[in-house]
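*Asks:* Here's a structure for you.
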Amino acid sequence: MCHVLIIEDEALVAMDLENLLLEAGATSFAFASSEAEAVEQACTRQPDVMTSDVQLGSGTGPAAVAIIRDRLGMVPVVFVSATPTECGAMQPQDLVFCKPFDRGDLVAAFRRILGVAAAAGRVRPCA
């Protein structure tokens with residue numbers, strides 16, 4: 001099983017990411033459109049990986065990711081944003097994609113980030 005938290009305030013983009021990541025092996029999803037909702041969703045069920053936009057309707061994705069990591073540890077993240085230079089302080093394993101993104105590249109990156117995290121024992125391998 002592979003649980004993904006999608007932090008995205010545009011519903012169509014969130015649904016597109018869900019469909020892509022289903023094809024890549026994700027098995028369940030939670031969605032958040034604000035910083036507070038992202039933290040709540042992550043604390044309700046810890047994600048194996050997150051995708052995050054930068055600018056949200058309320059708060060920012062990078063701030064949500066920082067809080068989630070403070071509470072839950074190093075959860076891998078793939079930032080998908082129209083403002084990628086605003087991702088802030090990232091970890092070396094974090095990935096950034098600019099909207100519009102290449103679908104094949106995003107799927108490959110998702111699989112790669114999960115493989116690295118699984119090899120380090122931080123997440124369960126997805127399909």
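The values are calculated or read from the model by the stated rules, or taken from the named source; none is laboratory data. Only a predicted model underlies this, so the values are computations on that prediction, with no experimental measurement involved. Here the Cβ positions follow ideal geometry from the backbone for every residue, glycine too, while neighbour counts run over all protein chains shown. Calculation scope for accessible area: heavy atoms of the full protein, side chains included, ligands and nucleic acids excluded. Shrake-Rupley method; radii C 1.70, N 1.55, O 1.52, S 1.80 Å.
*Asks:* Take Leu56 and decide whether it is among the hydrophobic types (A, V, I, L, M, F, W, C), at pLDDT 95 or above, surrounded by 15 or more Cβ atoms within 10 Å (Cβ to Cβ) and in contact with a Lys or Arg (Cβ under 9 Å, 6 or more places away or on another chain).
*Replies:* For Leu56, the condition - among the hydrophobic types (A, V, I, L, M, F, W, C), at pLDDT 95 or above, surrounded by 15 or more Cβ atoms within 10 Å (Cβ to Cβ) and in contact with a Lys or Arg (Cβ under 9 Å, 6 or more places away or on another chain) - is not met.
*Asks:* Could you look through segment 9-44, keep only residues that are in contact with a strand residue (DSSP E or B) (Cβ under 6 Å, 6 or more places away or on another chain) and outside any helix (DSSP H, G or I), and pick out the one that is surrounded by the fewest Cβ atoms within 10 Å (Cβ to Cβ)?
*Replies:* Filtering first and then ranking leaves Ser28.
*Asks:* Do we find that Ile6 is modelled with pLDDT of 90 or more, surrounded by 20 or more Cβ atoms within 10 Å (Cβ to Cβ) and not in a strand (DSSP E or B) in this structure?
*Replies:* No, not satisfied.
*Asks:* I would also like to ask the following. Filter segment 85-95 down to the residues that are open to solvent by 60 Å² or more (accessible area, probe 1.4 Å) and modelled with pLDDT of 80 or more and list them by number.
*Replies:* Thr85, Glu86, listed by residue number.
*Asks:* Quick one: how many residues across segment 96-116 are touching a residue at least 40 places away in the same chain (Cβ under 8 Å) and either open to solvent by less than 50 Å² (accessible area, probe 1.4 Å) or of a type outside the set (A, V, I, L, M) (or both)?
*Replies:* 8
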